[in-house]
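The values are calculated or read from the model by the stated rules, or taken from the named source; none is laboratory data. From a predicted model like this one, the values you see are computed outputs, not experimental measurements. Quick note on the areas: whole protein, heavy atoms, side chains included, nothing else; ligands and nucleic acids left out. Shrake-Rupley method; radii C 1.70, N 1.55, O 1.52, S 1.80 Å.
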Amino acid sequence: MDLVEASTERTTAATDALIALAAIAAIVAIRRRTDPSFARAVWLSALGATAAASALGAVAHGIALRNGVRDLLWQPLYVALGATMALFVVGAVNDWRGAGVVQASGVGPVRLVWTFDHNGLFHLVQLAGLTLLALGL
């Protein structure tokens with residue numbers, strides 16, 4: 001098997017391989033530190049789809065393949081990317097709904113630095129989520 005000639009394709013393949021390894025490492029870590037739940041299953045599935053798409057991407061970008069084979073390889077890659085996106089949406093909605101439970105629960109007051117009621121605690125969750133979203137965009 002030969003590598004593709006374009007150096008940019010080889011670096012894309014290498015970063016795809018790193019993403020696959022990072023997703024697998026995240027799966028192992030999450031399985032070790034969290035109890036089984038719906039949310040855990042969704043996020044593990046999302047990470048598994050990410051690993052699959054990235055591994056396929058490493059092959060598609062890095063190995064010199066005949067056009068028909070390369071075209072065929074992109075089909076499951078696109079399915080894995082679609083599954084990744086769908087599962088991320090399900091996981092995010094589930095986690096956001098969980099944050100809403102904090103607000104609806106009437107928990108509080110809780111003193112961190114200042115005193116927060118259930119609304120203030122929910123806003124802290126929103127701030128953390130928005131910050132992570134912005135950092136990821």
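Please report the base-10 log of the normalised intensity I(q)/I(0) for region 58-137, using a Debye sum with one equal scatterer per alpha carbon and no solvent, at each q in 0.26 (1/Å). Debye curve over Cα of region 58-137, log10 I(q)/I(0) at q = 0.26 Å⁻¹: -1.14.
Protein heavy-atom accessible surface, 1.4 Å probe, per residue over the chain: 66 Å².
What ³J(HN,Hα) values, in whole Hz, does the Karplus curve 6.51 cos²θ - 1.76 cosθ + 1.60 give for region 62-70 when θ = phi - 60°, with x put for Gly and Pro? Those phi angles translate into x, 9, 6, 10, 5, 4, x, 5, 4 Hz. Under 8 Å for C-alpha pairs, at least 6 residues apart: give me the relative contact order for the chain, rounded to a whole percent. Reported relative contact order: 24 percent.
Scaled against the 2.2 N^0.38 Å expected of a compact globular protein of N residues, the Cα radius of gyration of the chain reads 1.40. With only the Cα atoms considered, region 22-72 has a convex hull volume of 67 Å³ per residue. Choose one answer from 12, 50, 84: the residue with the largest mean-square fluctuation in a GNM of the chain with alpha-carbon springs under 10 Å. Most flexible of the set in this elastic network: 12. Just the number, please: carbon plus sulfur as a percent of the accessible area of the chain, 1.4 Å probe, no ligands or DNA/RNA counted. Percent of accessible area from carbon and sulfur atoms in the chain: 69.
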